[in-house]
Amino acid sequence: MFADKFTHISPVWLQLKRGQGGSFTIEGVHDIDKGWMADVKKNRTTFIVPRLLFDGWRSNDYQAVFSEEKLQHKLSSTLVKFLKTHRFDGIVVEIWSQLGGHYKSEAADLLIHIASSLHEADMEIIVVIPPALNQGVRKGFFLEEDFNKLAPHIDAFSLMTYDFSQPGRPGANSPVNWVRECVQSICPDADSPWRRKILLGLNFYGYDYSPRGGEPIIGSKYLELLQSFKPKLTWDKNAAEHLFKYQVSGELEHVVFFPTLLSVRTRLELAQSLGAGLAIWEIGQGLDYFYDLL
């Protein structure tokens, strides 16, 4: 229904496993929906680039691959063969956050190796990266020097500019000034041709916080809360997000942060002003009229 709005769509289907004797397998084939892929592709140029998780990998698995070029070649060839077989246009790789800031140089070298193999096969690679600033102050796991090493080789970076707040520290999902700083901190030159490779993360889900903790909510739950409690929405001008409060009988007060047309528009304008793209997490979680802005 909304495929025309996107250049790339990334279904969360695949997991990369390391087997015995230096072999690699890609699981998740049973989730691949060929009919859906055909519908998305029909009369469109939308790229389908599934997400690939390094699932169940331990430190020694990473070390083995990082230290042996032969294994890196085998991993890359396994990936390219699989993507060709299933007629994908590339891959979204999620590995950086799992390493927790360790083996950064080695991980970059592996990604560059994978990127070279994919480009030879006329496919693209997008790398998921954590924010450069945690809670707006502490340095994260992916910094300017990491971006500079990878940017010449990677097609795009999906920047996780959401989940700023947590159940133990409730607040906005994605304060707009923090989002801006996360982009500028890894690519401070506004005229850099690499800026356009940054896809600013835009959450289409929200959070419901209470003194007992918090949980993510999607559009259907948000509408249910609005209908049940008829709360007044408040605009947090610093974060550029809407919130509302409600209280269930016998319980303490809840605070809900959820995207609205105004908050989404604000981030679209920010991405445009920064010369960056967008990466939405995820399609189907928000409200349908959000797509009218894209």
Handout entry: Full-stretch length increase - I32, N238 - with 0.36 nm per residue and alpha-carbon distance subtracted
Key = 70.0 nm
Exercise for the section: May I ask you to evaluate 6.51 cos²θ - 1.76 cosθ + 1.60, the Karplus curve with θ = phi - 60°, for each residue of segment 233-247 and list the ³J(HN,Hα) values in order in whole Hz, giving x for glycine and proline? Expected result: 6, 10, 8, 8, 5, 6, 8, 6, 9, 8, 9, 8, 10, 8, 9
Exercise for the section: Please report, as a whole percent, how much of the solvent-accessible surface of the chain comes from carbon and sulfur atoms (probe radius 1.4 Å). Expected result: 50
Practice task
Send over a whole-number figure in Å² for the accessible area per residue of segment 100-150, probe 1.4 Å.
Solution key: 44
Fill in the blank from the handout: Non-local residues with an amide H under 5 Å from the amide H of M160, with H modelled 1.01 Å from N and Pro and chain starts lacking one, are I129
Problem - Distance in nm between pseudo-label sites at V255 and H73 (7 Å out along the Cβ direction from Cα) - result: 5.6
Practice task
State, in angstrom, two size descriptors of segment 75-183 derived from its alpha carbons: Rg to one decimal place and Dmax to the nearest whole number.
Solution key: 15.6, 46
Completion exercise
Loop-resident trypsin sites (Lys or Arg not before Pro) in segment 15-73 with no more than 14 other Cβ atoms inside 10 Å, DSSP not H/G/I/E/B, are K42, R44, R58
Problem - Percent antiparallel among DSSP beta bridges (both partners in segment 1-79, rounded to 5) - result: 45
Exercise for the section: Could you pull the Cα extents of the chain along its three principal axes, largest to smallest, in whole Å? Expected result: 61, 43, 41
Handout entry: Per residue, in Å², the accessible surface of segment 165-219 once ligands and nucleic acids are set aside, probe 1.4 Å
Key = 42
Exercise for the section: For segment 76-87, just list the computed ³J(HN,Hα) in residue order, Karplus coefficients 6.51, -1.76 and 1.60, θ = phi - 60°, integers in Hz, with x standing in for Gly and Pro. Expected result: 4, 5, 4, 5, 4, 4, 5, 5, 5, 4, 9, 6
Fill in the blank from the handout: Over the chain, the sum of -39500 (n - 2.57) across DSSP H runs of at least four, divided by residue number and rounded to 500 deg cm²/dmol, gives at 222 nm -10000 deg cm²/dmol
Practice task
Per residue of segment 190-196, in order, report the coupling 6.51 cos²θ - 1.76 cosθ + 1.60 (Karplus, θ = phi - 60°) as ³J(HN,Hα) in whole Hz, putting x for Gly and Pro.
Solution key: 5, 9, 5, x, 7, 4, 5
Practice task
Using only Cα atoms, find the angle between the long axis of helix 219-229 and the longest principal axis of the chain, and express it within 0 to 90 degrees, rounded to the nearest 10.
Solution key: 10
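The values are calculated or read from the model by the stated rules, or taken from the named source; none is laboratory data. All of these numbers come straight from a predicted model, not from anything done at the bench. Cβ sites come from the backbone with ideal geometry, for glycine too, and all protein chains shown count toward neighbours. Ligands, DNA and RNA are stripped out before the accessible areas are found, and what is left, the full protein with its side chains, is counted by its heavy atoms. Shrake-Rupley method; radii C 1.70, N 1.55, O 1.52, S 1.80 Å.
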